[in-house]
Amino acid sequence: MRAVDALMECLKAEGVDVVFGLPGGANLPTYDAFYDAGIRHILVRHEAGGGHAAEGYAKATGRVGVALGTSGPGATNLVTPICDAMMDSVPVVFLTGQVRTELLGTDGFQEADTIGITMPIVKHSVMIQHPLELPRAIHEAFHIARTGRPGPVVVDIPTDLSRADIPYEPITDIHLPGYQPTTDGNQKQIRLAAKALANARRPVIYAGGGTLDASAELTELATSDRLPVTCTVMGLGAFPASHPQWLGMLGMHGTRTANYAMDEADLIVAIGARFDDRVTAKLSEFAPHAKFVHIDVDPAEISKNVPAHIPIVGYARNILPRLTAEYRALEPDPSRLDEWWHRIRSWQERYPLSYVDSTDSEIKPQYMVQALYEASQGDAIVCSDVGQHQMWAAQHYHFDKPRRWINSGGLGTMGFGLPAAMGAKVGCPEATVVCITGDGSFQMNTQELATCAQNGIDVKVFIMNNGYLGMVRQWQELFWDRRYSQVDTGQYPDFVKLAEAYGATGLRLTDKHTLVDDMREALVTEGPVVVDVRVAPEENVYPMIAPGQPARNMVG
Amino acid sequence: MGEPGTKEILSLEELEAAGSFRTGRKHIVSILVENKPGVLTRITGLFARRGFNIDTLAVGPTDDETVSRITLTLDGAVQSIDQVTKQLHKLINVLKIRDLDPSETMARELALFKISADGANRAEVMQVCEIFRAKIVDVSKRTLVAEVTGTQEKIDAFERLVRPFGLVEMARTGEIAITRGRTET
Ligand SMILES: Cc1cc2nc3c(=O)[nH]c(=O)nc-3n(C[C@H](O)[C@H](O)[C@H](O)COP(=O)(O)OP(=O)(O)OC[C@H]3O[C@@H](n4cnc5c(N)ncnc54)[C@H](O)[C@@H]3O)c2cc1C
Ligand SMILES: Cc1ncc(C[n+]2csc(CCOP(=O)(O)OP(=O)(O)O)c2C)c(N)n1
Ligand SMILES: [Mg+2]
């Protein structure tokens, strides 16, 4: 069969049920194979939309997402999603077309050195050199994307090779001598960690994106005693926000309670979290009294930013049950945590997340998220873009389950939200999928509304329209003497008309008194809906750790 | 130092001082890799991204034809070279990495020196070569080419001695290395 038909067989063998892409000259053979391969292909309007959709699909389902683009501009349009997937450890396989082999290196039509351009932002990449390599390369790509620390893999396929006639045998024996992730965790280290935890008087569990598939195990550990839990923006939902041991998110816009608890902790158990600078704030004053247990599947994360006293390398879902068992066996005295909880409760009482609501009908952005939480009964998959709205969504939509909160954290990619929501909805058709976006971010991939309308992908977009690139405006206000430079987006475009032009329903909401009901109506309206919610334009996200400050100096 | 994201002005001195965390200890890193296209680029790219300057680099086959050895030398702070080593491990085609301990390691480099040697100083040049066990591999009317092997330091010393005679050209391979005793490199 043709190599591209073998490619289809490989995708099916990997359990791929949907791919997102856009054709061009160099991947014509692949698209010919899709014509009757029986794999759902969703035609996006921009490759970046396809890439982020594959990420949204992967983040919502935990399965590997797949995105396709042609050579040259198709591949370069995928660069942002590839980098985004790298930063947030998202398993996505990117299949790019490449010019035919005799044109390689000649600046041929639509030739770009895709492997070279993407080299620093992939977990792995390969250009097919011989058609017989293709099936194995595809299976290796899925294996690498999915296992260890997940991430993006690029497979670049020269168009002539993809038309070659090859014998196809299913491949099941993947063996990569240079890639043997440690997944189990060292038992001795686990025992040490249990002991440290049993002796701790002010422990905190700091859980990140690496715990999203170990949510039950994490909750089990935390509740085997009264261990307080905080999550990064990537880990939200791994521990239920409604649980009394929940401290809220930590970091730059986390709760005071979570940040103060880190600041005073004597033991921090970091699980699938990578001590990002948005979390540590001023590194030299981060958690000054704490010893660190660090559980991560990537050895390079151990002691990268903060030296770990007890490192444990492996999958959280493998390690946590054994840690819990060892911890229980030590029969730690729960009353040793009384004083700590007393302190935590006093912070919670003094510093709840709060804001000053309007006295008229104006919608405060924080209230917008609370209203959406109420209207969706806290049960939606929430995809977000990047900016103030992202932080308010993280603070005020409370996630009780993992994979309900999908955002771009590491790269902070504006334009991520809508396509990610599209991918999440395709992956989880039964779920209510909403996108909380900003007037700026939404315009960076609006074209995917057409994809949603055409394919009946039922996403509900709520634009927090403050008329500003709000997050940048906030920094200019607070740290650059209010010199608002290039952050005013004005009243353009008319999002309601834009939605209608795309074949979606457009609504505009301006009154807080009817907001919950109006949102409910939007949620039950069939098909894609875009809701332009006009909010107070100059609200700031608080609390906040100002740049260069330690957590204990939070403001607002 | 001035805080990121704020309007505080940075002095050039501060900025430059912040980057100078090198210990100056020389590292010899030996890397076994699968013999596949692009592997060298991935490795050097990784060093570049973490701000390391590679001093020398040597690549060659091993006893296994599917595996190549890359030996590179560089200066680095201990902390961050560990970080690069861990990042290198994450490259799928990298099989093994050793940051070699100089006291446990045999390191050798090959160098070719083209030295001006007309009648007057030729004998003197040849004497220096002899002391360094350098081989004369080419002789012309005005120059001779000497081949030297040894540690980087020995070759540096040879260079210092012959430079006054007039060094026309020099080519060095960069060190390759292997551990002493029975342990594998
Ligand atoms: C505007 C903006 C503001 C932000 N503000 C904040 C903030 O206030 N607070 C905040 O927390 N973040 C914030 N972020 C996000 C921040 O930039 C980082 O993306 C985030 O902190 C990283 O989350 P993480 O540590 O959970 O790591 P992730 O990026 O989610 O990485 C996951 C880690 O877990 C490991 N891992 C993966 N799978 C497993 C497994 N199965 N078992 C064990 N380990 C595994 C990986 O190796 C990796 O180290 C903000 C981002 C933006 C754009
Ligand atoms: C592609 C891209 N360009 C620029 C930025 C820098 N940036 C971060 S937040 C932000 C403002 C986003 O504006 P909007 O989507 O309206 O959200 P708001 O902050 O107003 O809620 C910008 C420009 C970015 N994160 N991504
Ligand atoms: Mg805005």
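Every residue in region A:543-556 that is assigned to a loop (DSSP other than H, G, I, E, B) and surrounded by fewer than 17 Cβ atoms within 10 Å (Cβ to Cβ), please.
Residues satisfying the conditions are A:G548, A:Q549, A:G556.
Residues checked against (1) over 27 Å from A:S361 (Cα atoms); (2) surrounded by 18 or more Cβ atoms within 10 Å (Cβ to Cβ); (3) more than 16 Å from ligand 1 (Cβ to nearest atom):
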position	(1), (2), (3)
A:E448	yes, yes, yes
A:D488	no, no, yes
A:V524	no, no, yes
A:D532	no, yes, yes
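Would you kindly identify the helices (runs of 4 or more DSSP H) lying entirely within region A:374-476 that contain at least 2 residues that are closer than 27 Å to A:V18 by Cα, at pLDDT 95 or above and more than 16 Å from the chain's Cα centre (by Cα)?
The qualifying helices (runs of 4 or more DSSP H) are A:448-455.
Which residues, counting only those in region A:373-393, are within 16 Å of ligand 3 (Cβ to nearest atom) and either surrounded by 24 or more Cβ atoms within 10 Å (Cβ to Cβ) or closer than 17 Å to A:P537 by Cβ (or both)? Walk me through how you get there before you give the answer.
Applying the first criterion (within 16 Å of ligand 3 (Cβ to nearest atom)) to region A:373-393 yields A:384-393.
A:S384, A:D385, A:G387, A:Q388, A:H389, A:Q390, A:M391, A:W392, A:A393, listed by residue number.
Of A:G506, A:G427, A:G438, which residue is touching a helix residue (DSSP H, G or I) at 6+ places or on another chain (Cβ under 6 Å), within 16 Å of ligand 1 (Cβ to nearest atom) and within 25 Å of A:R404 (Cα to Cα)? Break it down into steps so the answer makes sense when it comes.
On the way: A:G506 fails: within 16 Å of ligand 1 (Cβ to nearest atom); A:G427 fails: within 16 Å of ligand 1 (Cβ to nearest atom).
Exactly one of A:G506, A:G427, A:G438 is touching a helix residue (DSSP H, G or I) at 6+ places or on another chain (Cβ under 6 Å), within 16 Å of ligand 1 (Cβ to nearest atom) and within 25 Å of A:R404 (Cα to Cα), namely A:G438.
Do you know which residues across region B:86-114 are at the interface with chain A (Cβ under 9 Å from one of its Cβ atoms) and polar (S, T, N, Q)?
B:Q87, B:N93
Give region B:77-120 a look and list any residue that's within 30 Å of A:F142 (Cβ to Cβ), part of a strand (DSSP E or B) and among the aliphatic types (A, V, I, L, M), or say none.
Scanning region B:77-120 gives B:V94, B:L95, B:I97.
Show the residue pairs that are 6+ apart or on different chains and have beta-carbon atoms under 8 Å apart, the first residue being within region A:458-479 and within 14 Å of chain B (Cβ to nearest Cβ) and more than 24 Å from A:S376 (Cβ to Cβ), the second being away from ligand 1 (no atom under 15 Å from the Cβ) and of a type in the set (S, T, Y).
From residues that are within 14 Å of chain B (Cβ to nearest Cβ) and more than 24 Å from A:S376 (Cβ to Cβ), the pairs are A:R473/A:Y484; A:Q476/A:Y484; A:Q476/A:S485; A:E477/A:Y484; A:F479/B:T6.
Looking at (1) in a loop (DSSP other than H, G, I, E, B); (2) buried (at least 20 other Cβ atoms within 10 Å of the Cβ), can you tell me which one A:Y327 breaks?
(1)
Counting just the residues of region A:422-457 that are in contact with an Asp or Glu (Cβ under 7 Å, 6 or more places away or on another chain) and more than 12 Å from ligand 2 (Cβ to nearest atom), which one comes out nearest to A:A504 (Cα to Cα)?
Out of the qualifying residues, it is A:M422.
If you go through region A:90-105, how many residues are surrounded by fewer than 22 Cβ atoms within 10 Å (Cβ to Cβ) and either under 18 Å from B:G38 (Cα atoms) or within 13 Å of chain B (Cβ to nearest Cβ) (or both)?
If we filter region A:90-105 for residues that are surrounded by fewer than 22 Cβ atoms within 10 Å (Cβ to Cβ), which is where we start, we get A:100-105.
Restricting the remaining residues to those that are either under 18 Å from B:G38 (Cα atoms) or within 13 Å of chain B (Cβ to nearest Cβ) (or both) gives A:101, A:104-105.
So the answer is 3.
Mind listing whichever residues of region B:21-64 are facing chain A (nearest Cβ under 10 Å) and part of a strand (DSSP E or B)?
Within region B:21-64, B:L32, B:V33, B:E34 qualify.
With respect to A:I363, is the statement that it is more than 24 Å from A:F239 (Cα to Cα) and in contact with a strand residue (DSSP E or B) (Cβ under 8 Å, 6 or more places away or on another chain) true?
Yes.
Hey, can you tell me all the residues within region A:1-16 that are within 14 Å of A:F142 (Cα to Cα) and either within 26 Å of the chain's Cα centre (by Cα) or of a type in the set (V, I, T) (or both)?
Passing the criteria: A:L11, A:K12, A:E14, A:G15, A:V16.
The values are calculated or read from the model by the stated rules, or taken from the named source; none is laboratory data. Just so it is clear, the model here is predicted, and its values are computed rather than measured. In this analysis, Cβ positions are derived from the backbone assuming ideal geometry, glycine residues included, and neighbour counts consider all displayed protein chains.
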